[in-house]
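Notes for the one structure printed next.
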Amino acid sequence: MWLGLDDTDHLEGGCTTLEFHKLLESLPCSYSEPRLVRLWPFAAQRTRGNAALAVEIDCDEEIIDFLDDYWQRVILPLRGAVSSSNHDDRDQHPADPGMVLFAEQPDSEFYWRAVRQEVADLPPAVKTWGGHGCIGASAACAWPANICTWESIAWRVKERKVDEIALAEVDSWPETFLCRDPRSKRGLIAPRGPCPVMFGIRATSQQAAANAAEVLIVAKDTAPVLACRTFATNQASGDHLESSFTAKVNAVATLKGGHTTIETELDNLVSFSEGGEMNILAQWLQCGDEIEYLGLQDRDGVIHLEGLKLLSATSKQRPTCDCGKRMKSMGKGQGVRCPNCKNIQNRQWIVTERIPPSSGWTQPPFDCRRHLAREIV
Ligand SMILES: [Zn+2]
């Protein structure tokens, strides 16, 4: 059977990953590798990182009695607590936990919808407990894990402190990713705020994630941890984006604060000031440039850029006269004339290619990317 849990984040030491870990510890049956699944970031009601959890469990419907009791005793009391976060720009909502039990893994179609858009329905379940969290919990069960990475999460006893030298070591391993910002060397593995997570270390193999967590936990300057567990996850899968688009730029505007809006013949795009070289390229664009882009459409239909690439950029200028003056148009289809010596020329425009500030795909810096974002190559 498949068991999913979501939306138990709350203020005093609550976080769905820890609640799920405790649930796994209490299960009266064996279970397979637990999974942490990130979902559509613009969902109206969402938890801090918009992550849901699931696991395949080795049992039959007798487990329902245990789950009924566990729900009443442990999870239900978390309902209504308001989560708070200081690293998130969106309003938080009261926790509305959900737990689901399926006889078989739900169809992956449900996952694909929940990672790319708002979902309101549920796949047919053996039993559901609670409210809104059932949607994420079901999507976590339905995740087909076509592209998979791993994250080892350790929860703190009290203080949140990770040994810097040990972090630098695991950061140098080829299988780990997003451990530290490559430029500032600032650690990216620890959340801020009241969340009970000490750190989450990501890797492209299960073993590397588990080993890296072990290295961090035993290091001299790491504070004591409550427990640690490795999850299979859809982080860095790019699953939230179906495909890139190609379009001609109609207009570009830089807003107060450095954000850039790009109007194309297809979509309206926005690149945020934190976007680094991607935002620099966005600001450099001109009407007529051809671009390829990747991003998620928000609730207003604007695409938040996660990748931007220039395909062609040209600029048109009037030709220059032998005397050095710029020629001027004499009217539609009538050639150009020098305002100085009155020379006339038939060639209306000189088209030159503009050299962009960066070539190939540009993306926001590592610490500003979504959990779901994949390295574009
Ligand atoms: Zn001239």
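A few points about this structure:
- Considering the stretch 89-170, the qualifying strands (runs of 3 or more DSSP E), each wholly inside and each with 1 or more residues that are open to solvent by 20 Å² or more (accessible area, probe 1.4 Å) and touching a Lys or Arg at 6+ places or on another chain (Cβ under 8 Å), run over 127-130, 149-156.
- Of the strands (runs of 3 or more DSSP E) contained entirely in the stretch 196-291, those carrying at least 2 residues that are polar (S, T, N, Q) fall at 225-233, 245-254, 260-264, 268-271.
- Check on GLN297, touching a residue at least 24 places away in the same chain (Cβ under 8 Å) and either in the same structural domain as ARG192 (by TED's automatic domain parsing) or within 16 Å of the ligand (Cβ to nearest atom) (or both): no
- Among residues of the stretch 209-241, those that are surrounded by fewer than 22 Cβ atoms within 10 Å (Cβ to Cβ), among the hydrophobic types (A, V, I, L, M, F, W, C) and within 28 Å of ALA373 (Cα to Cα), counted: 7
- Residue in the stretch 266-280 that is open to solvent by less than 70 Å² (accessible area, probe 1.4 Å) and within 16 Å of the ligand (Cβ to nearest atom) present: no
- Single match in PHE245, PHE231, PHE272 (criterion: among the aromatic types (Phe, Trp, Tyr) and over 30 Å from VAL162 (Cβ atoms)): PHE245
- Conditions (1) open to solvent by 30 Å² or more (accessible area, probe 1.4 Å); (2) closer than 30 Å to LEU39 by Cα; (3) in contact with a strand residue (DSSP E or B) (Cβ under 9 Å, 6 or more places away or on another chain): number failed by ARG299: (3)
- For the stretch 242-256, the criterion of being loosely packed, with under 14 Cβ neighbours inside 10 Å and under 17 Å from the mean Cα position of the chain (by Cα) is satisfied by at least one residue.
- Answer residue from the stretch 315-328, given it is modelled with pLDDT under 90 and open to solvent by 60 Å² or more (accessible area, probe 1.4 Å) and is farthest from the ligand (Cβ to nearest atom) among those: LYS316
- Which numbered condition CYS341 fails, given (1) in contact with a strand residue (DSSP E or B) (Cβ under 9 Å, 6 or more places away or on another chain); (2) among the hydrophobic types (A, V, I, L, M, F, W, C); (3) within 16 Å of the ligand (Cβ to nearest atom): (1)
- Some residue of the stretch 313-321 being within 25 Å of THR261 (Cα to Cα), of a type in the set (D, E, K, R) and in contact (Cβ under 8 Å) with a residue 24 or more places away in the chain: yes
- A single entry from ALA209, ALA190 fulfils the requirement of being in contact with a Phe, Trp or Tyr (Cβ under 9 Å, 6 or more places away or on another chain) and at pLDDT 95 or above: ALA209.
The values are calculated or read from the model by the stated rules, or taken from the named source; none is laboratory data. Everything quoted here is computed from the prediction, not taken from an experiment. Heads up, the Cβs are rebuilt from the backbone with ideal geometry, glycines too, and the neighbour counts pull from every protein chain shown. Just so you know, the surface numbers come from the protein's heavy atoms only, side chains and all, with ligands and any DNA or RNA stripped out. Shrake-Rupley method; radii C 1.70, N 1.55, O 1.52, S 1.80 Å.
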